[in-house]
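Trainee: Mind having a look at this structure? Questions to follow.
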Amino acid sequence: MADDDDDTHFGFRAVAAGQKAGLVHGVFTRVANRYDLMNDLMSAGVHRLWKDAMLDWLAPRQGQRLLDVAGGTGDIAFRFLRRAPGATATVLDMTESMLTEGQRRAEAESLAGRLNWVVGDAMSLPFPDAAFDVYTISFGIRNVTRIEAALSEAFRVLRPGGRLMVLEFSQLPVPALQWLYDRYSFNVIPAMGQVVANDRDSYQYLVESIRRFPDQEAFAAMIRAAGFGQVKYRNLSMGIAALHSGWKL
């Protein structure tokens, strides 16, 4: 485990490991009330198709217990519960204001009996061993200070036979396409964040954090190192995002 004085990164900036969680918390506190709108604008709504692809691969079943980490406004949990009416879900996020935005959504009221909201840290989950059947994290693991610790915690809280599913921005395998995507990301997204959310810096960080995240093969290797088996990934939109799946065997 990294010491608080060890260096990590916050976007392209080196910071002490003990500072990163607070910096990330600040980002998502500032953008919480525009988070869903900005997701639609930044991806032209394609993030909804990626999340549908995630749920298609997960194939939620009746009675399953979902833990959605960095679940923020509840998007994945709502989709999961709609597909499996007998399932339950817990949404965990380090930023209370993100959870508050999720609870304000119309779906939250209709699903309240099967949905829990918990403030917590992906690297130290406040749940017992083998408490969940499915663990999901969408566009959140790249913001964790120690990714290895978060994957270890995911393995711990899943029951034997449980499944991990990660949706995260990734790397395009074609350099020319990556160059075009970089131009869009660095020139358009921060400017859009300034106009829509009055916060350029937070969206500059989000763009930079994508570039610091391991590529598909490297992240798959990290999942295997955490103990998961049958690790596979699928590229979405040619690799702009990727789904990673693993099982606790």
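Trainee: Please express the shape of the range 164-216 as an equivalent ellipsoid: the semi-axes are the square roots of 5 times the eigenvalues of the C-alpha gyration tensor, given largest first in whole angstrom.
Mentor: On the way: eigenvalues 94, 45, 13 Å².
Over the Cα atoms of the range 164-216, the ellipsoid semi-axes are 22, 15, 8 Å.
Trainee: Here's a follow-up. Take each of the peptides 224-232, 95-103, average the number of other beta-carbon atoms within 10 Å over its residues, and list them starting from the highest. List each step's numbers first, then the result.
Mentor: Numbers: 224-232: 15.1, 95-103: 19.2.
My ranking of the peptides, most packed first, is 95-103, 224-232.
Trainee: Report P(r) for the range 58-172: all Cα-Cα distances, bin width 5 Å, range 0 to the bin holding the largest distance, values in whole percent.
Mentor: 2, 12, 25, 25, 20, 11, 4, 0, 0
Trainee: Also, I was wondering about something else. At 0.36 nm per residue, minus the direct Cα-Cα distance, what do Ala106 and Asp52 gain on full extension? Give it in nm, one decimal, please.
Mentor: Full extension of this stretch gives 17.5 nm more.
Trainee: Also: Can you divide the C-alpha Rg of the range 1-112 by 2.2 N^0.38 Å and report the result to two decimal places? List each step's numbers first, then the result.
Mentor: Working: Rg = 16.2 Å, N = 112, 2.2 N^0.38 = 13.2 Å.
That ratio works out to 1.23.
Trainee: I'd like the distance separating the alpha-carbon centroids of the range 94-134 and the range 207-249, in whole Å.
Mentor: Each part reduced to its Cα centre gives a spacing of 23 Å.
Trainee: Rounded to the nearest 500 deg cm²/dmol, what is the calculated helix-only ellipticity per residue at 222 nm for the chain, with -39500 (n - 2.57) per DSSP H run of length n ≥ 4?
Mentor: Result for the chain: -14500 deg cm²/dmol, rounded to the nearest 500.
Trainee: Continuing with the same structure: On a C-alpha basis, how far is the centre of the range 30-74 from the centre of the range 161-187 in Å? Whole number, if you could?
Mentor: 16
Trainee: Something else about it: Taking every pair of alpha-carbon atoms in the chain, give the share separated by more than 27 Å as a whole percent.
Mentor: Counting pairs separated by more than 27 Å, the tail of P(r) holds 32 percent.
Trainee: Moving to a separate point now. Subtracting the Cα-Cα distance from 0.36 nm times the residue separation, let me have the gained length for Asn33 to Arg234 in nm, one decimal.
Mentor: Gain on extension, Asn33 to Arg234, equals 69.3 nm.
Trainee: May I pose another question? How big is the range 18-74 on each of its three principal axes, counting only the C-alpha atoms and giving the largest first in Å?
Mentor: For the range 18-74, the Cα spread along each principal axis is 38, 30, 17 Å.
Trainee: At what distance in nm do the modelled label points of Asn116 and Asp40 sit from each other, each positioned 7 Å from its Cα along Cα→Cβ?
Mentor: Calculated label separation equals 3.2 nm.
Each reported figure results from applying straightforward, stated rules to the coordinates on display, with no laboratory input. Bear in mind the structure is a predicted one, so any value in this text is a computation, not a measurement. With ideal geometry, Cβ positions are generated from the backbone for all residues, glycine too; neighbour counts draw on all protein chains shown.
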